[in-house]
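The values are calculated or read from the model by the stated rules, or taken from the named source; none is laboratory data. The shown structure was predicted, so the numbers you read here are calculated from the model rather than taken from an experiment. Virtual Cβ from ideal backbone geometry, glycine too; neighbours counted across all protein chains shown.
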Amino acid sequence: MLNMKTRLVKILKGLGFLILFCLVGVVAGLLTPLESRGARAERLWQEGHAAYEAKDYETAVKYYRQSAEQGNEKAQFNLARCYAKGEGVEKDQGEAVRWIRKAAEQGFAPAQYSLGYCYLDGEGVKKDLAEALKWIRKAADQGVAEAQYVMGCAYHEGTGVREDRTEAAKWFLKAAEQDHFEAQFLLGDIFRRGDGIPQDWTMAARWYRLAAKQGNTAAQYNLGCCYEKGDGVEKDLKEAEYWFRKAAERGLEQAKTALERLGVE
């Protein structure tokens, strides 16, 4: 009896190891596809991107869709773009929004901004300012400069949020530091007026200059005024003429008048 019991224990132990081995094999079999799924989705997205760059939109859509259905947020966003533009598929703004939302809900910042814009403009969804700002703020928090600029405008004008010029300046600064020239120009205006922050002509001229160098006409004119009057910079009529001329070449009438005021053509 003792021998049989011992043998039975050994058999059960053996079966235990066999069951454990089988379980490990099953789990490994389940995990392997899960671990490689992201890589496959990424490869499909890359195939789609290559096809899109080659303007083979139908092939791009095929790969984007396969990748998007496996959860790749970039593919979801790119597939949405194809639906929005009618590239490789029939144009369908509603379907575009559906895929944008999937990417946005995964935290993909460009999709969050795009979804916010859809709600802002009523593209594929009913206009909803509160929902628009919710998604745009999410993108702004992740560092999307255009979204930061929009949040600055919202707080500056009190659109969809309580007007708060200090908060507006904060968002404009975030966007301006990423070379968003419209934010740079508005930040220059804010410093010039002391709008929500202490007035600072030196900072005003600094931000005007950065926007002016990127071709912002209003910033070029305002920077010319700074040099003409010596506001925030050392007075320099030659430098004033330079920036007035830049703005005048872009058709700004005030700049043409300023050049006449300086006595130059």
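Observations on the structure shown:
- Given (1) without any contact (Cβ under 8 Å) to a residue 12 or more places away in the chain; (2) of a type in the set (A, V, I, L, M); (3) within 24 Å of residue 129 (Cα to Cα), index of the condition residue 248 fails: (3)
- Qualifying residue in the stretch 134-143 (condition: basic (Lys, Arg) and surrounded by fewer than 17 Cβ atoms within 10 Å (Cβ to Cβ)): yes
- Being over 14 Å from the mean Cα position of the chain (by Cα) and surrounded by 19 or more Cβ atoms within 10 Å (Cβ to Cβ) holds for only one residue in 88, 116, 122, and it is 88.
- Candidate set from the stretch 153-166 (those that are assigned to a helix (DSSP H, G or I) and out of contact with any Asp or Glu (no Cβ under 8 Å at 6 or more places or on another chain)); member that is farthest from residue 181 (Cα to Cα): 166
- Any chance residue 130 is under 29 Å from residue 184 (Cα atoms), surrounded by fewer than 21 Cβ atoms within 10 Å (Cβ to Cβ) and of a type in the set (A, V, I, L, M, F, W, C): yes
- Unique match (being within 30 Å of residue 132 (Cα to Cα), among the hydrophobic types (A, V, I, L, M, F, W, C) and crowded, with 22+ Cβ neighbours inside 10 Å) among 207, 243: 207
- Filter result for the condition that a residue is over 20 Å from the mean Cα position of the chain (by Cα), part of a helix (DSSP H, G or I), surrounded by 20 or more Cβ atoms within 10 Å (Cβ to Cβ) and not hydrophobic (A, V, I, L, M, F, W, C), over 36, 67: 67
- Look at (1) modelled with pLDDT of 95 or more; (2) under 24 Å from the mean Cα position of the chain (by Cα); (3) in a helix (DSSP H, G or I) and you find that residue 59 fails only one, number (2).
- Within the stretch 160-210, the set of residues being under 21 Å from residue 114 (Cα atoms) and out of contact with any helix residue (DSSP H, G or I) (no Cβ under 7 Å at 6 or more places or on another chain) comprises just one member, 179.
- Residues being more than 18 Å from residue 217 (Cβ to Cβ) and out of contact with any helix residue (DSSP H, G or I) (no Cβ under 9 Å at 6 or more places or on another chain) - total across the stretch 248-265: 1
- Test: residue in the stretch 176-197 that is under 30 Å from residue 235 (Cα atoms), in a loop (DSSP other than H, G, I, E, B) and of a type in the set (A, V, I, L, M, F, W, C): yes
- Residue within the stretch 226-233 that is without any contact (Cβ under 8 Å) to a residue 24 or more places away in the chain, in contact with a Phe, Trp or Tyr (Cβ under 7 Å, 6 or more places away or on another chain) and either surrounded by fewer than 22 Cβ atoms within 10 Å (Cβ to Cβ) or farther than 19 Å from residue 155 by Cα (or both) present: yes
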